[in-house]
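Please read the structure below before turning to the comments.
The values are calculated or read from the model by the stated rules, or taken from the named source; none is laboratory data. Fair warning: this is a prediction, and the values are worked out from it, not measured in the lab. For neighbour counting, all protein chains shown are included, and Cβ atoms are generated from backbone atoms with ideal geometry for every residue, glycine included.
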Amino acid sequence: MNFSLYLGHTFLQRTLHSMQFTHLFVRVKLKQLVVYSIEDGKEAPRAIFTQLDRHEYTLKIVGPKGTHQLTPFVGTLAELIPILTTKLHFVLVRWIEH
């Protein structure tokens, strides 16, 4: 993992937890930061930040059925996290357990 992606991972995880999204976790997959929760014992991706260069990312959201949707948002994590947690917050909410 490259150093800027490692820093991004740590920043994203700490920021989400400080915003009370403690049911979410972040992992690195190639050049992506994957935000996920654990649902029925399985990893459920919620959002994916794909690194374009050292500080810039694209943002993709993932629906409950696993469908990926690219958003028009590109920027630094500091710019994209507020978009994810406000405009796109619906992908981050806890799922209702059956």
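Looking at segment 11-68 only, could you name the residues that are more than 14 Å from His89 (Cα to Cα) and aromatic (Phe, Trp, Tyr)? Listed by number, the residues that qualify are Phe11, Phe25, Phe49, Tyr57. Only residues that are within 14 Å of Leu12 (Cα to Cα), assigned to a strand (DSSP E or B) and at pLDDT below 95 were counted in segment 38-80, giving 0.
Being closer than 18 Å to Tyr6 by Cβ, basic (Lys, Arg) and exposed (fewer than 14 other Cβ atoms within 10 Å of the Cβ) is a property that Arg54 has. Among the residues of segment 28-54, those that are of a type outside the set (D, E, K, R) and either touching a Cys at 6+ places or on another chain (Cβ under 9 Å) or more than 19 Å from Thr85 (Cβ to Cβ) (or both) comprise Val28, Leu30, Ile38, Gly41, Gln51, Leu52. Taken over segment 79-92, the residue count meeting the criterion of being without any contact (Cβ under 8 Å) to a residue 60 or more places away in the chain and either of a type in the set (Asp, Glu) or surrounded by 11 or more Cβ atoms within 10 Å (Cβ to Cβ) (or both) is 8.
Scanning segment 1-50 for residues that are charged (D, E, K, R) and surrounded by fewer than 16 Cβ atoms within 10 Å (Cβ to Cβ) returns Arg14, Arg27, Lys29, Lys31, Glu39, Asp40, Lys42, Glu43.
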